[in-house]
1. Can you tell me the equivalent ellipsoid semi-axes for the stretch 1-74? Use √(5λ) from the Cα gyration tensor, largest first, whole Å.
2. From the mean inverse distance of alpha carbon pairs (Kirkwood) and the Cα radius of gyration, derive Rg over Rh for the stretch 148-263.
3. Protein chains only, probe 1.4 Å: how do D258, D360, D179 rank by accessible area, largest first?
4. Note down the Stokes-Einstein diffusion coefficient of the chain in µm²/s, whole number, using a Kirkwood radius over alpha carbon pairs, 4 °C, and 1.567 mPa s.
5. Taking every pair of distinct Cα atoms and averaging 1/r, then inverting, what Kirkwood hydrodynamic radius in Å comes out for the stretch 113-190?
6. Can you tell me the Rg and the Dmax, both Å, for the Cα atoms in the stretch 299-451?
7. Say each of D25 and M343 gets a label point 7 Å from the Cα, pointing the same way as Cα to Cβ; how far apart are those two points in nm?
8. Find, to one decimal place in angstroms, the Kirkwood hydrodynamic radius of the stretch 102-151, where the mean of 1/r is taken over every pair of different Cα atoms and then inverted.
Amino acid sequence: AECAPFAKVGGLGDVVGALPLALADEGVEASVVMPLYGGPGGAVAHRAAPLTLVGAATARLGEDAFPARIWRSDALGVPVFFVDEPVHFGDAGVYFRTADGLPFSHADARFVVFQLAVLDWLGAGAPAVDALHLHDNHTALIPALQRAGRAAADVCALPTVFTVHSADHQGEVSADLWDRLGLPTHDAWRREHGQINAMQAAIDLAGAVTTVSPGYARELASDDTVAHGLAAAFRHAGDRFSGVLNGIDAAVWNPATDPHLPHTYTAADLAGKAATKAAVCAELNLDATRPLVAFVGRLMPEKGVEVLLPGLDTLVRTTEASVALLGTGDPEHEAAVRGLSGMLAADGLGGRLAAVVAFDERLAHRLYAAADVFAMPSRSEPCGLGQMYAMAYGTPPVVHATGGLRDTVRAWDGTAGTGFCFDAFTPDAFIAALREALAVYDDAPAWARLQRAAMAADFSWSASARTYAARYRALTAR
Ligand code: GLC
């Protein structure tokens, strides 16, 4: 559903935009297939230009046939194939809402049609492939469609790796849509009102199932709250299931070369970081002499908004720090951010919080660099990329000790570490960790040590790419 820089909503886009390039270093020729949101005249096509028409496909759903064109772009560095199907993907919106904020009229059929079109194209006209790496619920029906023989025989035989980037969104297929798909009934996948859980279908049928950190893999198999009803399915997958930690793309996320920064810098010389802070604070009307705490992320329950907002409120009211917040998400959370900002302004603290309710990749880069402390109190976190970007930019993160956050941040123990962790998912625990961070910030030599350790941490893709490559080879050898 996402591939940065063409279409990105969250970390999924970053991963799909970076992993194929890292796989190339492991001798794997990877290509990406995604919908052409907004069609050939839209912003996605513009970012991926030039596009070459390379094929056609048809998604057959019950009585209906939806024709699609397939375009190729080489702008990423590996081939990206775009499925241009105007009925379901003519609009530029990626999930949930159209570009104009309206609900999609064919919402539940959108990614079903995408998957049918991809399978059809793979059997007729696509370059030959050895394996399919499926990402998240938008691709989760492919193993079931293969099993049911809904594609050419060699396509049905292709091995699959299914990666769960988040179990918060599992993909529900209505009973009606399932019937139109003509797939056999499967009781274990059925939920309320006869809906089919697409993610469970993929967990049960894919050749290998991975998620994006070892810590989240353990939580998914043991804690049904985190797994939202799928813990048994993950356990049942047994040794087909494992956690492979994401990396970050050092060509995009590197403070020494980042074109979005007004001043670049390295661990050896942080002058550019201070200058960036001054410039960004001036832009946001914040006082650059105060410690700056930043949040960059989607305003969704899983990102910890219920702890984040009261925590930041207390932070501004009881410490010297200023806060910069950047994100979009659920309308109710966006409203809560505006409410917080209004309340602080009414109390004369308006100059201490800059809240930008927008999706702004450039400002995101600038905030990772400008901030002193990065706040990431996610309720659960499959991997999390923000904390890794922050560390790479010398901005120690304050994180809830969960999933991939626990796997990637070494908590400061008084002498060493790369960030700060808190255990209980409460505003009090969050604010205590923020206070701990601000106390170390006041101790310049200790803070410098912490920043250098954070910047030295290795979050490159190479180890993970090697693991995925081994997984593909084991499956294709079978
Ligand atoms: C999802 C998860 C996030 C992960 C990303 C990439 O956005 O919520 O934790 O880092 O996918 O795998």
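1. Semi-axes from the Cα gyration tensor: 24, 15, 13 Å.
2. 1.11
3. Output order, biggest surface exposure first: D179, D360, D258.
4. The estimated diffusion coefficient comes to 56 µm²/s.
5. 13.3 Å
6. Answer for the stretch 299-451, Rg first and Dmax second: 14.5, 42 Å.
7. The modelled label-to-label distance comes out at 4.6 nm.
8. 11.9 Å
The values are calculated or read from the model by the stated rules, or taken from the named source; none is laboratory data. What you see is a predicted model; the values in this text were computed from it and never measured. Neighbour counts are summed over all protein chains in view; Cβ atoms, including those assigned to glycine, are modelled from backbone coordinates with ideal geometry. These area figures cover heavy atoms from the full protein model, side chains too; ligands, DNA and RNA do not enter into them. Shrake-Rupley method; radii C 1.70, N 1.55, O 1.52, S 1.80 Å.
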